[in-house]
Amino acid sequence: MRKIYLFLVCICLSQLILAQNQEKEILIKRNWNFGALPAITFDTDLGFQYGALVNLYDYGDGSRYPSYNHSLYFEVSRYTKGSGIYRFYYNSDQLIKGLLSSFDLSYLPDQTYDFYGFNGYESKYNKDWTDDKSSLYRTRMFYKYDRKLFRAKIDLQGNITGDKFRWIAGMNLQNFKVGSVNTEKLNKGKDEEDKLPSPTDEPGLYERYKTWGILGADEANGGFVPTFKAGLVFDTRDNQPNPMKGVWEEAVLEVSPEILGAESSFSRICLIHRQYFTLIPKNLSFVYRLAYQTTLSGNVPFYYKSQMITSILTGATAEGLGGAKTVRGILRNRVVGDGILLGNAELRWKFARFNWIKNNFYLGLNTFADFGRVTKTIDVKSKIIALSSIPQPDYFDWDAEKMHVSYGAGLRIVMNENFVIAADYGLASDKQDGNSGFYMGLNYIF
């Protein structure tokens, strides 16, 4: 997939023309300001993407700049063959005095959602099965299924001691609709030799897991997942979008009761430590994140196992491991288990500052190393070990899980400290995790 963000290109060109690398006087922003980003995307199987996103910021009288009073984010983007993002997100510490409030309402249809099995390296990845130039080709959709997600999410934070030590509470209502990839729809307009085989003729991993009994009948088609969370946060960051110093720590318990039509109940906990160090004042920092998430009780439906517990969303989704927001460079959702460990380390350099169209901008580069692994496996082996009809060496490598590692670099274009256009390129260190990944979107990953 290739993405061209017109707004990013315009800013880069303007910076090259101006060539103003010296630090400029900071413009204090007041009242409402916005960042807008049109996008053009093409994918062989999904078609063209078209749409836009807008982020509105209210800085009030400017006395708190670069902190804002209210942030409203809108995104409507769609692929010509059905996938898309329809999202509204609101964040403020002024709506209710003394509370940090955020609200997310999203509809996220994904016609080719990634599914590589469970327990990381215990599930083999066979690239040739998805390569239509290979003699071993099966279907480009082998590691995909169709997922439609509707989400309504509310998160609150309030002070316990000062504004550094806070409590967290939230509610998240999510409805998942899961099924086989609609190849008939994806094949429209394709030449005969480029058409995808149907999941009936060539079952993918999702269909095979259903047949083998790894996915239960009660979860295979999706369902409703209501979750409630409570926790604690300790936050000494000097700036939320890109801190130069401080720590940001969380301990969050998530519970999903069997109410309102939910098919199962479960509980999970997530512990996250993030720390930020200044190496060169204002310009160079070293940052890292360590996260541990595990299931405490009950059965987490397979389609929810990839969801990460967070106190606040920094993007349309929080899921992995693998992909733009967790382990960059490895396949999305490559590492899924009932317990996971995640780590990221970055050097962040703000190498140029300038004023343009009456706004403050800076350009940043980052280099990173990411890693993660399953720490609590999902029981797959006992369900299929006695099935002689399954060629297990083709699909499984029992007890093979170990650390998944990637590394790479990225570019940031930031307006008024808060609107962050991000591009990252990551390389996987093991071919079982894919080759590489290129990601463009918004915000630093933590």
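The values are calculated or read from the model by the stated rules, or taken from the named source; none is laboratory data. Nothing here was measured: the structure is a model prediction, and the numbers come from that model. So basically every Cβ, Gly included, is an ideal-geometry build from the backbone, and we count neighbours across all protein chains shown. The area values use the complete protein model at the heavy-atom level, side chains included, leaving out ligands, DNA and RNA. Shrake-Rupley method; radii C 1.70, N 1.55, O 1.52, S 1.80 Å.
Structural remarks
- Boolean, Ala217 is open to solvent by 20 Å² or more (accessible area, probe 1.4 Å), at pLDDT below 95 and either of a type in the set (Gly, Ala, Ser) or under 26 Å from Arg268 (Cα atoms) (or both): yes
- Residues (part of a loop (DSSP other than H, G, I, E, B) and either within 19 Å of Gly339 (Cα to Cα) or modelled with pLDDT of 95 or more (or both)) located in region 245-275: Lys245, Ser264, Ser265
- Selection count, region 368-405, where residues are in a helix (DSSP H, G or I) and either β-branched (Val, Ile, Thr) or within 20 Å of Lys431 (Cβ to Cβ) (or both): 4
- Among strands (runs of 3 or more DSSP E) entirely within region 18-117, having at least 1 residues that are modelled with pLDDT of 90 or more singles out 47-58, 70-79, 84-92, 99-114.
- For first residues located in region 236-264 and within 17 Å of Tyr292 (Cα to Cα), partners that are open to solvent by 70 Å² or more (accessible area, probe 1.4 Å) and hydroxyl-bearing (Ser, Thr, Tyr) and lie 6+ apart or on another chain with Cβ distances below 9 Å do not occur.
Here's the yes/no breakdown for (1) open to solvent by 30 Å² or more (accessible area, probe 1.4 Å); (2) within 26 Å of Leu313 (Cα to Cα); (3) touching an Asp or Glu at 6+ places or on another chain (Cβ under 6 Å):
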residue	(1), (2), (3)
Asn344	no, yes, yes
Leu365	yes, yes, no
Asp394	yes, no, no
Ala428	no, yes, no
Lys431	yes, no, no
Gly437	no, yes, no
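- Selection from region 426-446 of residues that are within 13 Å of the chain's Cα centre (by Cα) and in a loop (DSSP other than H, G, I, E, B): Asn443, Tyr444, Ile445, Phe446
- Scanning region 215-232 for residues that are over 21 Å from the mean Cα position of the chain (by Cα) and aliphatic (A, V, I, L, M) yields Leu215, Ala217, Ala220, Ala230, Leu232.
- Subset of region 411-425 [closer than 15 Å to Gly315 by Cβ, in a strand (DSSP E or B) and more than 16 Å from the chain's Cα centre (by Cα)]: Arg412, Phe419
- All conditions but one from (1) touching a Phe, Trp or Tyr at 6+ places or on another chain (Cβ under 9 Å); (2) open to solvent by less than 10 Å² (accessible area, probe 1.4 Å); (3) assigned to a strand (DSSP E or B); (4) farther than 28 Å from Asn283 by Cα apply to Arg334; the one that does not is (3).
- The residues in region 121-153 that are over 17 Å from Glu202 (Cβ atoms), touching a strand residue (DSSP E or B) at 6+ places or on another chain (Cβ under 7 Å) and either in a loop (DSSP other than H, G, I, E, B) or open to solvent by 40 Å² or more (accessible area, probe 1.4 Å) (or both) can be counted, and the count is 3.
- Some residue of region 410-424 being open to solvent by 60 Å² or more (accessible area, probe 1.4 Å) and either closer than 27 Å to Asn299 by Cα or in contact (Cβ under 8 Å) with a residue 24 or more places away in the chain (or both): no
- Residue within region 341-349 that is over 18 Å from Leu442 (Cα atoms) and acidic (Asp, Glu) present: no
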